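Accompanying notes for the structure given below.
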Amino acid sequence: MTTQFKIIRGGTVVTADQEFRADVLIHGETIAAVGHDLEVPAGAEELDASGCYVIPGGIDPHTHMELPFMGTVASEDFFTGTSAGAAGGTTSIIDFVIPSPQQSLLEAFDNWRGWAEKSACDYAFHVAVTWWSDQVSEEMGELVRDHGVNSFKHFMAYKNAIMVDDEVLIASFTRVKELGALCTVHAENGELVFQLQKRVFEQGITGPEGHALSRPPEVEGEAANRAIRIAEVLGVPLYIVHNSCRQSLEAITRARSEGQRVYGEVLAQHLVIDESVYRDTDWEQAAHHVMSPPFRDVSHQEALWRGIQGGNLHTTATDHCCFCTPQKSAGKDDFRLIPNGTPGIEDRMSVLWDQGVRTGRLTPVEFVKITSSNTAQIFNMYPQKGCVKVGADADLVIWDPESTRTISAKTHHQNVDFNVYEGMEVTGNAMVTLSRGTVVWKDGELRTTKGAGKYIPRKPFAPYINASNARSSLLAAKGVDRS
Ligand code: URP
Ligand code: ZN
Ligand code: ZN
């Protein structure tokens, strides 16, 4: 019989604002006490954290489990993907519902909810707006009101598929503002990409190197800046996913320095992998790295780290989107047909600890913020997720800062036949992972259960990002009508 109580002893708790020695008592699915000399019920299961940190479970705000995309379906499903996350210390994901143009948002949402029922850990959804009509507008309202969605995604790239133009961006951002949700964008100028792809292909470049050549950083910088300016005019907060380059970071930094509420996400992959991967003479190796935005020249990496350190990039994600080698081979003769996406959910936390904390770029507190707490706050999951507080979900990781492993597809738990970090030695690993009080990873073994994960509904008007809402409620409380 599983005991209702667990006690994590002897660790150093790290949160978004503190680091302190404490034990953590868990009752069922939640944290019951944090401190010293706790009253521990007899029979409580003991977990030893000596020499380790105890941190909130990682939250990956950008994944694509079993995504139908570019003529195929991502190989990682919600069970295998959330399990692989657990092995690396990630206990929640925010995945994307991506309706086809003309498809009902609610119908697509139901599909994704069904697929996600097999999740081993908790999950939430952003919903993409891929077309516009009165029906879309109404369904956005229903998703916010009745289904716990508080963020909408807009693809400024992938022309002739899911890309939206400025007209749709403006209509949707306006609606998102009314609903108190958060606008998010994939920022690349899709028209430019389309034309550059054609030009590059017609020059005879058909291999994966053509992917990077047709998506230069300027293409990303332009779209980031355009989305930012549209959000500025409409007075709505904006979150830009997978920033890969100096150009988009500069747009965010400028906007924030002018007081605009813009949030930036960066992928662990873009912080450590550079564009030389596309020049690999082994086609498969190069194709494995085809994702959008592509990997950049190495100079962008230090800029992105500075973006995190300077508080202009707030979250780290993976864009975990797995296509196995035979799937990538669809683009053997034409890079435009290689399904875009790379894996990463299992290794995000270790890569960031190894390259962030161990290099001195980040403190453990900053690590917790960018791997968990900031995401929970921006997407309004805090303090249920992203913290170590009484009453919060017991999504916890016993993190050994000294444990070392070598990343490899031979040993990883992701359902994909390669790993973009292959051969990289990382120090800093999840020793034990708990998802809502249940041990899901321990002693190098997965103990996840299909279907144990729960949907995380999220309310609109997140206090962390909605100053205008706070101001209007204060004014309303004073009897001032600003409408
Ligand atoms: O290459 C990528 N990133 N594939 C997934 C879809 C997206 O753009 O996020
Ligand atoms: Zn994207
Ligand atoms: Zn994505």
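Numerical summary
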| item | result |
| --- | --- |
| Strands (runs of 3 or more DSSP E) contained entirely in segment 70-164, each with at least 1 residues that are over 22 Å from ALA181 (Cβ atoms) | 90-97 |
| Within segment 65-85, tally of residues that are open to solvent by 10 Å² or more (accessible area, probe 1.4 Å) and either within 11 Å of ligand 3 (Cβ to nearest atom) or of a type in the set (D, E, K, R) (or both) | 3 |
| Residue tally, condition out of contact with any Leu (no Cβ under 7 Å at 6 or more places or on another chain) and part of a loop (DSSP other than H, G, I, E, B), over segment 408-440 | 18 |
| Residue that is nearest to ligand 1 (Cβ to nearest atom) [pool: residues in segment 163-190 that are more than 20 Å from ASN150 (Cα to Cα) and open to solvent by less than 20 Å² (accessible area, probe 1.4 Å)] | GLU188 |
| Hits in segment 400-415 - residues which are surrounded by fewer than 13 Cβ atoms within 10 Å (Cβ to Cβ), among the β-branched types (Val, Ile, Thr) and in contact (Cβ under 8 Å) with a residue 12 or more places away in the chain | THR404, THR406 |
| Residue count for segment 328-376, restricted to those that are farther than 25 Å from PRO56 by Cβ, away from ligand 3 (no atom under 16 Å from the Cβ) and in contact with a strand residue (DSSP E or B) (Cβ under 8 Å, 6 or more places away or on another chain) | 1 |
| Some residue of segment 8-20 being surrounded by fewer than 16 Cβ atoms within 10 Å (Cβ to Cβ) and among the basic types (Lys, Arg) | no |
| In segment 113-138, residue farthest from the chain's Cα centre (by Cα) [restricted to those that are farther than 23 Å from GLN384 by Cα and open to solvent by less than 20 Å² (accessible area, probe 1.4 Å)] | VAL136 |
| Pair list, Cβ under 9 Å, 6 or more apart: segment 192-215 residue farther than 23 Å from GLU284 by Cβ, other residue basic (Lys, Arg) and open to solvent by less than 50 Å² (accessible area, probe 1.4 Å) | LEU192/ARG215; VAL193/ARG215; LEU196/ARG215 |
| Some residue of segment 143-157 being surrounded by 19 or more Cβ atoms within 10 Å (Cβ to Cβ), touching a residue at least 24 places away in the same chain (Cβ under 8 Å), within 15 Å of ligand 2 (Cβ to nearest atom) and over 27 Å from PHE78 (Cα atoms) | no |
| Residues satisfying the stated conditions in segment 43-59, i.e. under 18 Å from THR438 (Cα atoms) and open to solvent by 50 Å² or more (accessible area, probe 1.4 Å) | GLY43, GLU45, GLU46, ASP48 |
| Leading residue by the ranking (nearest to LEU182 (Cα to Cα)) among those in segment 236-260 that are among the basic types (Lys, Arg) and surrounded by fewer than 20 Cβ atoms within 10 Å (Cβ to Cβ) | ARG256 |
| Any pair with Cβ under 9 angstrom, 6 or more apart, that starts in segment 361-373 at a residue that is within 16 Å of LEU396 (Cβ to Cβ) and ends at one that is of a type in the set (Gly, Ala, Ser) and in a helix (DSSP H, G or I) | PHE367/GLY356 |
| Subset tally (residues that are within 16 Å of the chain's Cα centre (by Cα), assigned to a loop (DSSP other than H, G, I, E, B) and closer than 16 Å to LEU169 by Cβ) for segment 228-286 | 1 |
| Residue match in segment 208-225 (condition: β-branched (Val, Ile, Thr), in a helix (DSSP H, G or I) and either more than 21 Å from the chain's Cα centre (by Cα) or modelled with pLDDT under 95 (or both)) | yes |
| Candidate set: segment 455-469, residues that are modelled with pLDDT under 95 and not in a loop (DSSP other than H, G, I, E, B); chosen: the one surrounded by the most Cβ atoms within 10 Å (Cβ to Cβ) | SER468 |
| Matching residues in segment 279-334 - criterion: being among the small types (Gly, Ala, Ser) and either open to solvent by less than 40 Å² (accessible area, probe 1.4 Å) or under 17 Å from PHE418 (Cα atoms) (or both) | ALA286, ALA287, SER292, ALA303, GLY307, GLY311, ALA317, SER329, ALA330, GLY331 |
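Condition check ((1) under 20 Å from GLN301 (Cα atoms); (2) polar (S, T, N, Q); (3) open to solvent by 20 Å² or more (accessible area, probe 1.4 Å)) across all residues:
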residue	(1), (2), (3)
THR342	yes, yes, no
MET349	yes, no, no
VAL357	yes, no, yes
LYS369	yes, no, yes
PHE379	no, no, no
LYS385	no, no, no
GLY391	no, no, yes
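To keep it simple, each residue is scored yes or no on (1) in contact with a Leu (Cβ under 6 Å, 6 or more places away or on another chain); (2) within 16 Å of ligand 1 (Cβ to nearest atom).
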residue	(1), (2)
THR206	no, no
PRO217	no, yes
ARG226	no, no
ALA231	yes, no
GLU250	no, no
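The values are calculated or read from the model by the stated rules, or taken from the named source; none is laboratory data. Computed from a predicted model, the values in this text were never measured in an experiment. As a convention, Cβ positions derive from the backbone with ideal geometry for all residues, glycine included, and neighbour counts pool all protein chains shown. Each accessible area value is taken on the protein alone, full model and side chains, heavy atoms only, with ligands, DNA and RNA left out. Shrake-Rupley method; radii C 1.70, N 1.55, O 1.52, S 1.80 Å.
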